[in-house]
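Have a look at the structure below before the remarks.
The values are calculated or read from the model by the stated rules, or taken from the named source; none is laboratory data. From a predicted model like this one, the values you see are computed outputs, not experimental measurements. Ideal geometry is used to build each Cβ from the backbone, glycine not excepted, and the neighbour counts take in all protein chains shown. Just the protein is used for accessible areas: all its heavy atoms, side chains included, with ligands, DNA and RNA removed. Shrake-Rupley method; radii C 1.70, N 1.55, O 1.52, S 1.80 Å.
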Amino acid sequence: MSQFIDDLIERMTLAEKIGQLNLVTPGGFTNTGPVVTEGVEQKICGGLVGGMFGIYGAAALRPLQQMAVEKTRLGIPLLFGLDVIHGHKTVFPLPLALACTWDMALIEKTARIAAVEAAADGLNWVFSPMVDIARDPRWGRIAEGSGEDPFLGAAIARAMVQGYQGDDLALPDTVMACVKHFALYGGAESGRDYNTVDMSRIRMYETYFPPYKAAVDAGVGSVMCAFNEVDGIPATGNKWLMTDVLRGEWGFEGLAVSDYTGINEMSAHGLGDLAAVAALSLRAGTDMDMVGEGYLTTLEKSLEDGRVSLGEIDQACRRVLEAKQKLGLFDDPFRYIDEKRTENILTADSRAFARETAAQSCVLLQNKAGVLPLKTAGTIAVIGPLAADRRNMQGTWSIAGDWQLCASVLDGIKAQCGQNTEILHARGANITNDPVLAQRLNFAGEKVDIDPRPPADMIAEALACAEKADVIVAVVGEAQEMSGEASCRADIGIPEDQRPLLEALAATGKPLVLVVITGRPLVLTWEQAHADAILLMWFGGTEAGHGTADVLFGQHNPSGRLAVTFPYHVGQVPVYYAHKNTGRPYGGDMLDKFKSRYLDIPNEPLWPFGFGLSYTTFDYGTLRLDKTALQGEDDRLQATIAVTNTGPVTGTETVQLYLTDPVASVARAVLDLRGFQKVHLAPGETADVTFSITSAALRFFNADLQHVWEPGEFIIHTGPHVAALKSAAVQWIRD
Ligand code: NOJ
C-alpha cells in the first residue's frame, strides 16, 4: 500500500495535497448543517476536493466521480459519504431503540443492510456509528446513540462497524464506517447541544471512551471529531485526544475527519482566527476538514509561515489516500457506482427485517390487568396526533428514507384486524399548537401540521370514538424533529398540547393503552399513574406501524429492555444506574436530613436501566457461583442462574450481569454492567444461564489512569434489570 501512496504523494503539488483534505457538501439535496459549499464542480475539476457528502444515488454521483477522475491532473477518485445512521432507504428504528433489543446480531444486520443499500446508491462512506454515551435525555442526540452504558455501547459499536465494513472494505457492498463524535459529545452541559463538556479523565476512560475504543479495536476506518471541548481544547484541535489517545494509546491508523465546520467553530470557542485553528487542527491529527474549507484557504500560507510542516500536510493527505485505497477506489473509482444495483434497495427481505426490528425495539413499560395484547374483536378507538401519522415514523437522520412508504400505527392496526373488529379513529390533538415550534420542526419538509379546530372540539370528537370503544389506543409523543441534532428539550414530557387529550381519555375509565413515540427518555410519571398500558415504540422506521401492531396484538411478545434510564422528574437528570454511592447515600429514612436526596422527589427513576415487560413472566432462581474464592489474573468464575418462564406464552428474557467493587483505590459506581444473554423460553420452561467471569470484568481506571484490578471482595449480581438483582459475594485475590 505505502509504495503506491508514496509515489502518488511524490507527484502531488501542495495545492493538490491540501485539496485531498477538503470534504464538501453541495447543498440543495440534503442539508445537514448551517452552510454549504460553493462552486463544488469547479473545485472538483481543480483538484481541490477529496470527498463529498450529503448527496447519493449512482446517477447523481457518477458525473462527479467522472470529473475527479477525468478532469483532474492525477485523477484521484472522491470519497462519497452520507449520514446513514439507522438504515439507508430501509429505515430501521433509531439507534437508541435498536440498543433496547440488546441483540448484537440483529444490530449488526441492520448495519449490513444499510451498507448494501448505501453502496448500491453510490456511497462508500457512512457517518456512523454514533456511540456517544448520553445520560441527559434533554440532549436531542441521545436518540442517535446506544444509551447510557459503556459496556452495552461498546458491544453495539463493534457490531455496527462489523456490519458496515464486513471483513473486506474493498468489496463493492461494504462501506467505510466513521465512529463519532470523538469524544464526549454526549456530556454536553445542561443537555444543550454543542454546549461545553468538562469531565474528569477517569470518567472519560471509564465511561465515555469505551465505545469509541471498541470501534477502533473493531477496525473502524474513520473517526469524526466532536464539536465540544475536551479538557478545555475543542476535540478537533486537541492533540492529546486525536493523536496521543486515539493513535498512540489505541493504535488507530485510519482517517480522522472534523465535524461540520468543526474547525472554523474553534474560533467561536475562542482559539483564534481561521489560520490559527486550522493549523491547530492539522497538528492535532485531524486529517479532513468537513465543509469549513479552513484547510483549503489557510494551510498554504501557514506552511510558509512555519505554523505547520509539509510533513503534517503529507501525513493527513496520506490518510485520505489510504482510505481511498482500502475502499478499492484506485482500482476502480466506479466500484460503488452501478445504476443497476438499486435492485438491492428496499427489498422484501429488508422490509420484513425492518418490521422485525421495529417490534423487537418496542419496550413494554406498563401492562395493568393484561390489557395488552389486544384482541382482534370488538371496537378499538385509535386516537392521537401520531395515530395516523406516516411522516414522523422514521425519526431523525432518515435522509434517504421515504416516509410515504411508512405505515402508521393506525395502518398497522387495521392490517391486523379482520371484519370482527371495528376500528374508530380521531386525531384528538395536535402534536403541538405552537406555530413557531411547528415551523422549526418542519425545517426539512412538513412533518407537523396544525389542525385549526379548537382543541376542545378535537377532544370531543376523540371522546365520541372512545365512548363507543372497548379499548382506547392513544398514539402520542414527539414529532420526528423533536429529537436529534439541535433538538434539545428542557421539558421532556409528552408535548404539553397532548396532555388535555390524555386527561380526557383517562377520565372515560375505558382501558387506555399508550403507544409512545419518542427519540429520548420522556418523563411519563403522570402517564404511568393514569394509563393501563404503555408501549414505548421510539421511532420505529419504515415498518414502525406494522412492527408496533405486531406487538399490540401479541404476534410478537415484547422483549425490549431499556438501554437508558427513564427519569421520574426532569430535575433528576442526569440520572443513570451506574452512579457513585457518595459519602451520604440515602437509605430510605425520610427524616434523616443530611443525605444525598431531594426534598420533593425520589432519587429513583420511573423505570430503571434494563427494564421491560413481556406478555409472560420470568422467575429467577438463586444465583449460584462455582466458587467464592478466586486467585490470580487467570482464574475464572462461573455464575449461573435459573430463569423460568412462569407465564402463559413463549417469551424472550434478557438476563443481565452486573458487578460491584465495594472497596477500591478510587470511588467506583454502585453497579457496572458486565454481561447479558438473551434466552427464549416456552411456558414452563427453565434455562440455566451461565456467565463466565474473568479478571477483565474487575478492571477499572485508577487515579493514574492505569487499567487495573485490585484484589478484595466483589459482588456479582444478575437479574432482569438494575432494580431487581440477585447477588452473591466473592473474594478475588492475587497469586
Ligand atoms: C453534523 C453532525 O454532528 C454529524 O453527526 C454529521 O455526521 C455531520 N453534521 C454531517 O452531516
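Among the residues making up segment 173-189, those that are within 13 Å of the ligand (Cβ to nearest atom) and part of a helix (DSSP H, G or I) are Y185, G186. Within segment 316-329, the set of residues being open to solvent by 50 Å² or more (accessible area, probe 1.4 Å) and either within 27 Å of the chain's Cα centre (by Cα) or more than 20 Å from S258 (Cα to Cα) (or both) comprises just one member, K326. Looking only at residues of segment 115-132 that are closer than 18 Å to A143 by Cα and not in a loop (DSSP other than H, G, I, E, B), we find that the one that is nearest to the ligand (Cβ to nearest atom) is M130. I'd like the full set of residues that are touching a residue at least 12 places away in the same chain (Cβ under 8 Å) and away from the ligand (no atom under 16 Å from the Cβ), limited to segment 50-68. Passing the criteria: G57, A58, A59, A60, L61, R62, L64, Q65, M67, A68.
Taking segment 223-232 as the range and being touching a residue at least 60 places away in the same chain (Cβ under 8 Å) and more than 11 Å from the ligand (Cβ to nearest atom) as the test, no residue passes.
With a requirement of 3 or more residues that are modelled with pLDDT of 95 or more and within 30 Å of T617 (Cβ to Cβ), the strands (runs of 3 or more DSSP E) lying completely within segment 628-735 that satisfy it span 636-645, 651-660, 672-681, 686-694, 712-719, 726-733.
All conditions in (1) crowded, with 18+ Cβ neighbours inside 10 Å; (2) farther than 14 Å from A544 by Cβ; (3) more than 22 Å from the chain's Cα centre (by Cα); (4) among the hydrophobic types (A, V, I, L, M, F, W, C) hold for L410, with the sole exception of (2). Answer with yes or no whether A105 is within 21 Å of M176 (Cα to Cα), away from the ligand (no atom under 16 Å from the Cβ) and outside any loop (DSSP other than H, G, I, E, B). So A105 fits the description; yes. Within segment 18-35, the residues that satisfy the criterion of being within 11 Å of the ligand (Cβ to nearest atom) and either surrounded by fewer than 24 Cβ atoms within 10 Å (Cβ to Cβ) or in a loop (DSSP other than H, G, I, E, B) (or both) are T25, T30, N31, T32, G33, P34.
Determine which member of the set G272, G292, G306 is assigned to a loop (DSSP other than H, G, I, E, B) and within 16 Å of the ligand (Cβ to nearest atom). Of G272, G292, G306, the one residue that is assigned to a loop (DSSP other than H, G, I, E, B) and within 16 Å of the ligand (Cβ to nearest atom) is G292.
This table checks each residue for (1) open to solvent by 30 Å² or more (accessible area, probe 1.4 Å); (2) in contact with a Pro (Cβ under 9 Å, 6 or more places away or on another chain).
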{"site": "D470", "(1), (2)": "yes, yes"}
{"site": "A474", "(1), (2)": "no, no"}
{"site": "E478", "(1), (2)": "no, yes"}
{"site": "G484", "(1), (2)": "no, no"}
{"site": "P495", "(1), (2)": "no, yes"}
{"site": "A506", "(1), (2)": "no, no"}
{"site": "G509", "(1), (2)": "yes, no"}
{"site": "V513", "(1), (2)": "no, no"}
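State whether the residues of segment 146-158 include one that is β-branched (V, I, T) and in contact with a Lys or Arg (Cβ under 9 Å, 6 or more places away or on another chain). Within segment 146-158 (the criterion being β-branched (V, I, T) and in contact with a Lys or Arg (Cβ under 9 Å, 6 or more places away or on another chain)), the answer is no, since none of the residues qualifies.
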